[in-house]
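Take a look at the structure below.
The values are calculated or read from the model by the stated rules, or taken from the named source; none is laboratory data. Given the structure is predicted, the values throughout are model-derived calculations rather than measurements. Cβ coordinates were reconstructed from backbone atoms using ideal geometry, including for glycine residues, and neighbour counts include every protein chain displayed.
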Amino acid sequence: MTESEHQIALFKWAEYSKGKYPELELLHHIPNGGKRSALTATILKREGVKAGVPDLFLPVARGGYHGLYIEMKKEGGRLSKNQKRWIKELIKQGYRAAVCFGFEPARKELLNYLKTEKNNSLDIQETKNKLQ
């Protein structure tokens with residue numbers, strides 16, 4: 001499956017799961033990748049699109065985090081230098097940021113995040129260590 005197909009499957013699951021987890025209504029894609037014409041790319045850059053920003057964002061606070069960013073990758077995919085930089089910076093700012101290789105890891109990440117207590121403090125350093 002392509003990264004896009006994994007992401008489409010994730011949003012289908014999220015739509016189905018909103019009854020149990022209404023916060024999934026806030027999950028959204030940040031369209032900063034893909035092939036575009038030079039003109040469109042220039043306009044988007046002027047509008048603030050930045051390379052490396054993770055694909056998905058759930059603006060829901062849990063476990064001491066302000067929200068959850070997910071960088072979707074297909075199995076075997078790799079992070080760019082910009083993606084690594086963005087993930088590290090988002091973690092420094094108090095967000096949870098994860099790289100998920102396919103639909104199932106992303107689904108599990110969302111479920112684990114949503115099941116975390118709203119006031120429970122997670123070990124942010126553990127996530128930072130994984131990125132080094």
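Return the residue satisfying two criteria in turn: it lies in segment 103-132 and is surrounded by 12 or more Cβ atoms within 10 Å (Cβ to Cβ) and farther than 22 Å from GLU23 by Cβ, and of such residues it is modelled with the highest pLDDT. So that I can check it myself, show each step before the final result.
Initially, segment 103-132 is screened for residues surrounded by 12 or more Cβ atoms within 10 Å (Cβ to Cβ), giving 103-114, 116, 122, 124, 127-128, 131.
So of that shortlist, the ones also farther than 22 Å from GLU23 by Cβ come out as 128, 131.
Numbers: LYS128: 61, LEU131: 67.
So, considering only residues that are surrounded by 12 or more Cβ atoms within 10 Å (Cβ to Cβ) and farther than 22 Å from GLU23 by Cβ, the one modelled with the highest pLDDT is LEU131.
Quick one: is GLY63 among the small types (Gly, Ala, Ser), touching a residue at least 24 places away in the same chain (Cβ under 8 Å) and surrounded by 17 or more Cβ atoms within 10 Å (Cβ to Cβ)? So GLY63 fits the description; yes. State whether one or more residues within segment 24-47 are over 14 Å from the mean Cα position of the chain (by Cα) and modelled with pLDDT of 95 or more. Yes. Can you tell me which residues in segment 3-48 are under 23 Å from GLY94 (Cβ atoms) and either surrounded by 15 or more Cβ atoms within 10 Å (Cβ to Cβ) or touching a residue at least 24 places away in the same chain (Cβ under 8 Å) (or both)? Once the filter is applied, which keeps residues that are under 23 Å from GLY94 (Cβ atoms) and either surrounded by 15 or more Cβ atoms within 10 Å (Cβ to Cβ) or touching a residue at least 24 places away in the same chain (Cβ under 8 Å) (or both), segment 3-48 yields TYR21, GLU23, LEU24, LEU26, LEU27, HIS28, HIS29, ILE30, ASN32.
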